[in-house]
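Below: the structure, in C-alpha cells.
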Amino acid sequence: MASPGLHPGKPNSINQALSTAYWNDMRLLAYVSGNNLVILSQPGVLRQTIYLDRDGGPLEIEETTGCIAVASGPKVLIYKPSNERGDLLRWALVWTIHLDLHDGIPTGVSWGTEEELFISGKSISLWRFFNDGPHRLWTKELAIPAMLSAFSFDAFLAATVGKNDKLVKVWRRFSYDLSNVDFDFSYLAHPRAVTSLRWRKPFSKSQSMENILYTICADGILRIWAPTDSIESSYMQMWASLDLYDVLPRVRPDELRYSFIIDNKDFTRATESAVRNAKDDAVSKARLQSLVDVASKNPDVCVVMDQDGRMAILGIENIGSRIRRAFSIFDVVFDSSPIKDFPRNAGYLSFCGFGASTAAEPDYVLLIHDFNGSIQQYEASFADLLDPESASHRLVLKNSWTGHYKSVQSLTRTADGKAMLSSSNHAENIIWKPKPMFGTIKLQESSIIMAPDKVQRAAILLEGKYVVTVQSQTLTLWDCQQRKAVRIASLPLESLGKKTILNFLLLPESSSVDRVFHVVAVFSDQSGVVWEVRVPSESNGEVNGNGSVGSNGMLSVSNGYGSLRGNGYHSKPNSGLLKMLGSFKFPVPEGDKLSLVISVDPVGWNSTLSGSIDTYARDVVTSISSDGVVRSWTAKLQSQGEPLQWLQTASVDTGIKKLDLAKGSSMKKIALVDSSSTRLTIWDIGEEHLEFEEKFAEHDSICDLDWTCTPDSQSILAVGFKNRVLLYCQLRFDYTKELPAWESFREINIRQYTPRDIGDSLWLDDGTLVIGSGNQLFTHDKKVDTHNAIKALHLSSHKLPLRNIFDIVSVLNGPLPIYHPQFIAQSVFLGKAEQVRKVFVTLLNALKFSVPSDSNIADIESNLGMDLDEFYKPAEEEAPTGSGTMSRAEKYSKLFSNGNFDEVDYSTFSEKVAENLSDYLKRLSLPYLTSHQQISLTAMVEAMGQVEEHRRSLDENGIRYFLAFRLFVLHRDSMLQMPYRDHTWAFHSESQEILVDLVSRSFNGRMTWQQAKETGIFMWLKSQDALQQQFENMARIIYTDSEPRNPVSCTLYYLALRKKQVLLGLWRIAHGHNEQRTMMKFLANNFSEQRWKTAALKNAYVLLSKQRYEYAAGFFLLGDSLRDAVSVCVRNLEDIQLAIALARIYEGGEDGPVFQDLLKKEVLPLAYKTGDRWLASWAFWNLKRKDLSLKCIITSFKDEIRPEDLGSSDALEMKSFLVEDPVLVVLYQQIRKVLEKGQQNAITITPQMETQFVLHIAKLYDRMGCDLLALYLTATWKFIDVKEKKPEAPKSLLDMWG
C-alpha cells in the first residue's frame, strides 16, 4: 500500500518519536502513534503496525540488525525482523526490558553497539542482550530526570540533559569489560535551557572518528563540542558556536529558529546520488559543479530555518580537527523564499534527514516531525538544494503522515463527499478534506474538534466549515474554519429525556437561505425533533445580526455574551444560532415498530431536495420495521403543524425479521445484514425485488456497509468485515442463465498492515474509499489493478480503457452491443427475429473484412453500423424488404457481397450464412464479449440457422422455444431444466409437431424421462395422441436402456398408459430376475376387481416404506389410485412434472379431477412460493381461467390459493429479481389478444395497472443493457379501452405520458 493512500496515525508529541535507518538494502522508518508502533519503508510503504499495551515512547532502529527498541510505559520492547523478504517481512517481539520503579518512564532509548542499549529517564542504564535475555550492565539515578539523551555511535560517550536544564552531562565509559562497566561524567555548561542535542553520525559504527556533539539551547545558538586532551575535568570542550539568528535574521521579534545537521555521511551519499542522476545540460552541469566545489571541502552542513520555511545553509569544515586554524564555516545558500507546504505556525519541530543509499532513492530526504501531530516527508535534488542560484523548490513535499492518536470509531461525511469527520473513542474529532496529491487522493486535516465528551452524532455543514454534534445531552455548533475548532453555540437536550437516537441528519434543502440549515433527529419511540441552525455570514461577519469577524479571524460577539477568544467557549450556552423548531411523529403505519432509521447515501445523486414533495423527490431516510418492511421517505419543511411533512416513496417487505446492519442509497438500493451478521442481501426498493444474496462463513462477520455510484448512476457497495472490504458492483440482469445481479470485483485487505479491526468506512467524492482501523486511515482512490479485475470479471475482450472502478462498472452495465447474446435472445423473445437475422448478416460481412488485433479481437463497432431505429420502430412502419426495396442493413451487406463467393447470397440470412458466421465466431473474438458469451452467440446463430429450415413451419413462439432449447443444451451443466418460461412458449405455439421432432432429434430419438423433464414436453404438448405416443416411446426407451433389462424401470410408465399386458409381457422375458415369478402371478389378476385393487395398494405402501417411490407410484396406478401416485411424485420424488405427466396420461386430458386438483393444490402454491408467474399463468390456463392467466402476470394471485395449500414460503425466493422476467410482457400481450377476441369483459386490468407494468418491464430491459428494446416497448405499446364505448385508435404509452 503506497504512502499517498495512507494516514498511519498521528505521531506522539515526544522526543525520539521517529527513527530511520538503512538496513538490509532497505530504508526503514518507524514512529510511535498513540499505542501503535508504525513501521514503514521508503518510499512510504507501510510494512507493519504493532499494537502496544500503552502509549509508545521514544524509539530507535539499530542499523546493523534492523531491531527496533521502543518504550511503552515502564518497559522497553525489542522487536526483531524476520528472515522473510518483500511483503512477508515482519517484526516480532523478542525481548522485554522491565524497568524498576526508580527508573521511571523512559524518555530516551539509544543503541550503542548492536547488542547494547542505553535507556534514560529518572535514571540512566546500560543494557546488553545475551542468549538468555537482556541484562543490566550499569545504572545511575539522576538528580533531574533526563529529558534528552543520546549514546555515541561507538558506545563510548553518552549525553543527557533534564527539562529546563542548562547543564549537559557527558558520561564517559571507562572500559568495555562487561564485568566492570562504569561511567564518569562531566558538565557542558550553557547559558540557557538546552532544547536539542545529538552526536555526529559516522559512516559506519566500525569507523574510527572523533565524537562530535551538537547542542542548541534557548538562546538560539548552535554549539559544537569536541573531545579534548586537556587535564581539565571536562572531557569535551566547545569547538565552535553559531548564532542561528545571525544566520537567518528575525522578521518578527517572537520568531523561532530551527536547525539540523546534514552529517558528512549523508552529505557524501546525497552528492554521489546527485552526480549519478545529473542531466546533461548546461544548467545542470553548473549546479553539479557548485555542489562538487562544496563537497571538495568534505564538510558537514548546517541548515537553519524559520517558522515560515525560509532557509539558510552553511558548510562546516574540519570539525574536530587537531589543527585549530583549519576549521571554518562558510555560506552555501540563503533563500528568502518560504518552502512550499512547510508546517507553519508550528511550535516544536524535530528533524531527521538522510542521503540516498540506493539508486532508486532521491538524493536527499528530510523528515520533519511537527509536534502538532504530523510527519512531513520532503525530497530534494541535492544539486538544487545547495545551489545558491536555484529558483526551483529546494524541498518538495512527497508524503504527510498523520491521523488519530486513538482508535477511530466512526466516520461521517458531507452529502457530496467533499469533507468528512472522523471521531475516535475519546474526545478527538478531525475534519478532513480530500485533495489530489502525489498522483492520488490524500486526506488533508482541516480542523480538530476537541469535544468535552465523546461525540455521539454529527452533521457537517458547508463542506466542513461548521459541524453540529450531539454529546452529553447537548447539541453543539462548532466553527471549524481554524485548525482548532471553536464552539460558537450549544443547546441543552435534557428536555428530550434519554431517548435512543435512531438517526441524526442534515436535511438536504434546495437552498440555504440566509445560511440557515435544519438538523433532524429520529428517536426509537418514533418521535423526532427539528432544529434550525444559523451559521455566521461570510460577507459581513454577522452572527444572527449581532456578531462580527475581526481581522485576526476570531469571531467576536457584541450582544453581551462575551468573546470566543481564549478557550473558544461562549459564556452563554447559545447565541441564537441553534433553535428547536418543534417535534414530529414519524409516520410509520400503526402497529409497526421502528427498528432502524438510516440516512440515504447521497453520493452520486443530487444532494438537495426540490421545492415540492412527491414520489419523485430525493429520498431522505429509509426506515425498517421490526417485521422487515423497508420504506423510503422524502420530507419537506412546513410552517403549519409539525415542522416536517413526510411522504413514503417506496416500500418492500423483505421478510427479514431481525437486522444487524442496513444502508440505503439514493438509487433506491438497500443492503441488509441479518442478525447472524453473515447474510448479505441487496434490494431494489423502487422495484420491490431482491437483487442479490450471499452467505459468508460464520467467522466472517459483516461490520459495515457503504454505497457510492458512478457518474452513470451505477451502484457500488463496499461491504466491510473485520480486516477487509469487498467492493460489489451491479451487473446487468440476465434471465437466460439466471446469473447473479451483483459481483465482488475488488478486495481490500488491511490484515498485513495492522492487527486492528476496521472501525468504520465510507465513500468520498469521485470513488475514494476511506477505511478507519485503529488510529489509522487508509484511503483508496478509484484506481484499481486492472489486470486482476479484468481476469476476475472476464473483460479481456473489451476495447475500452479500464483505468478505474468506474470504468469497470460502466463496462459491466449500460447498453449491450447489438450482437451480444443477451440482446439477441431478448430481441427474438420480443418478436424481432427479422431484425436479429439482419444483425447476423451484417455481422458476417463485418467480420469478413475486419482486421483482427494482436489478441485476435475483431475490429468492429458495437452497433455494426446499423440503423438502431430498426429495433424500436413499430412493425407496421418498417420498410418492406422485398425485391424492390432493401433495408439499410441489406444495402450495407450488398457492398461486400460477392456473387461468385460460393454462389451464396450474403445479403439475406440463410443456413449457409449461419454456417459461415459460426465458423468466423469460432476463429475470431468479438469485442465486449467474454469467451462464454461468444459460445452462446455461436449457439444462437446455429439455432437460427436451423430455424431457417423450418421457418415456414415454426411460429414465433416455436422460434422462441427452440432458441431457448439450444441455449439450454449449451448451459446444461449449470441448469437443472429449462425454465417454465420456455415451456410456456411451446405451450402457446401452433407448431408443436415440429418442435417435438426437433427436440427428439436432438436426443437422437431416444428421450428419457430426465430429458423429457428438462424440455418440459409433457407440460406443453397439447395433442393427447401425441402425448400418449411420446410417453410410450419413452417407456420403451427406458426399458431398453436398462442393463440388464428390468421391467421395474418402466412399470410406472406402462401402468400410466393402462398397458398392463405389455408390462406383463416384459416380465415373462425377464429371465433371472428375482421378482419375475411373483410379478407374473400378481399381474395376471383382474385389477378391475376391488380385492386386487386393494392388494395393489397394500403393496404400494410396502414399497413406500422401503423407499422404492417410483415403483410404489406404479402400484398405486395398478390399484387405480392416481391421486396417491401423484402424491408420491410430488412429496417423495419431488418431481411435479412427473405428477403432471401421470395425471394427463392416466386421465386422458386436462379435465380430470386429479389433474385439476394438482394444479390448484400443488402447482399454483409452488408458483406463488417461487414467484414464477409463467407457471401460474400456465396453471390458470389449464384451469380454464384465462382471465386469471392474464391477471397473475401483473398482480398477486395469492387470493386464488387456499391458505392451507400455501404452507410456509421463503420470502426471499418470492422477491428475487429473477421472477420479474421482462418477456412476461409478450405472454401478457398474447393472452390479452385472446381475451379481446371473445372474453373482453374478463379483462380486469386497468390502463393504470398496465402502465406501471410496462414501465417496470422497460426498467428491467434497461438494467439488462437492452435499452433499445425498452424504447421499442414504450414507444409501441397499445392499450385497450376496457369500456370501449366507441372505437378509437389504441393509445401508446408515450401518448399517455405526454
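Tabulated results
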quantity: Simple label model, 7 Å out from Cα along Cβ direction - GLU1089 to GLN409, nm; calculated: 8.8
quantity: Gain in span if fully extended, GLU590 to ARG54, counting 0.36 nm per residue against the direct Cα distance; calculated: 187.8 nm
quantity: R0 of 56 Å, Cβ-Cβ distance LYS499-THR1078: FRET efficiency to nearest 0.05; calculated: 0.10
quantity: In sequence order, calculated HN-Hα J values of region 479-490 (Karplus, 6.51, -1.76, 1.60; Hz; x Gly/Pro); calculated: 8, 10, 8, 10, 4, 9, 4, 10, 7, 10, 6, 8
quantity: Accessible carbon and sulfur surface of region 894-1027 relative to its total accessible area, %, 1.4 Å; calculated: 45
quantity: Residues of region 653-683 with amide N under 20 Å of the 7 Å Cα→Cβ point at LYS722; calculated: 660-661, 673-680
quantity: Rough spin-label spacing in nm, given labels placed 7 Å along Cα→Cβ, for ASN1046 and LYS579; calculated: 8.8
quantity: Set of region 1107-1137 residues, backbone N closer than 13 Å to the point 7 Å along the Cα-Cβ line of LYS1161; calculated: 1122-1131
quantity: Length added when fully stretched, HIS1071-ALA278, from 0.36 nm per residue minus Cα-Cα; calculated: 275.7 nm
quantity: Normalised alpha carbon radius of gyration of region 71-135 [divisor 2.2 N^0.38 Å]; calculated: 1.22
quantity: Interchain or long-range residues, amide H under 5 Å from GLY774's placed H; calculated: VAL408, ASP757, GLY759
quantity: Reported label for calculated Cα Rg over 2.2 N^0.38 Å given (1) 1.47; (2) 0.92; (3) 1.22; calculated: (3)
quantity: Helical contribution to [θ] at 222 nm, DSSP H n ≥ 4, -39,500 (n - 2.57), averaged over the chain, rounded to 500; calculated: -7500 deg cm²/dmol
quantity: Sulfur and carbon atoms: percent of accessible area, region 272-353 [1.4 Å]; calculated: 47
quantity: Two-site label geometry, GLN482 and THR358: point separation in nm, points 7 Å out along Cα→Cβ; calculated: 4.6
quantity: Amide H partners (placed H, <5 Å) of TYR906, local residues excluded; calculated: ASN898
quantity: Region 1075-1226: relative contact order as a whole-number percent, Cα under 8 Å and 6+ apart; calculated: 13
quantity: Protection-proxy order for peptides 172-183, 636-647, 704-715, each taking the mean of Cβ atoms within 10 Å per residue, highest first; calculated: 704-715, 636-647, 172-183
quantity: Interchain or long-range residues, amide H under 5 Å from ALA650's placed H; calculated: SER632
quantity: For region 581-596, Karplus couplings with θ = phi - 60° (6.51, -1.76, 1.60), whole Hz, Gly/Pro x; calculated: 7, x, 10, 8, 10, 5, x, 7, x, 4, x, 6, 10, 5, 9, 9
quantity: FRET E, pair ASP525, PHE438, Förster distance 51 Å, beta-carbon r, rounded to 0.05; calculated: 0.55
quantity: Surface per residue (accessible, 1.4 Å probe) for the chain, Å²; calculated: 42
quantity: Listed peptides 859-871, 654-666 by packing density, highest first (mean Cβ within 10 Å); calculated: 654-666, 859-871
quantity: Residues ASP293 and ASP246, FRET efficiency given R0 of 22 Å [Cβ-Cβ distance, rounded to 0.05]; calculated: 0.35
quantity: Added length on full extension, which subtracts the Cα-Cα distance from 0.36 nm per residue, ASP25 to THR113; calculated: 29.7 nm
quantity: ³J(HN,Hα), Karplus 6.51/-1.76/1.60, whole Hz, each residue of region 1016-1022, x for Gly, Pro; calculated: x, 4, 7, 9, 9, 6, 8
quantity: Modelled label reach - PHE130, point 7 Å along Cα→Cβ, region 40-80 residues with backbone N closer than 17 Å; calculated: none
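The values are calculated or read from the model by the stated rules, or taken from the named source; none is laboratory data. All figures in this text were calculated on a predicted structure; none of them were measured in a lab. Using ideal geometry, Cβ is built from the backbone for each residue, glycine included, and neighbour counts are taken over all protein chains shown. Side chains included, ligands, DNA and RNA excluded: accessible areas come from the protein's heavy atoms. Shrake-Rupley method; radii C 1.70, N 1.55, O 1.52, S 1.80 Å.
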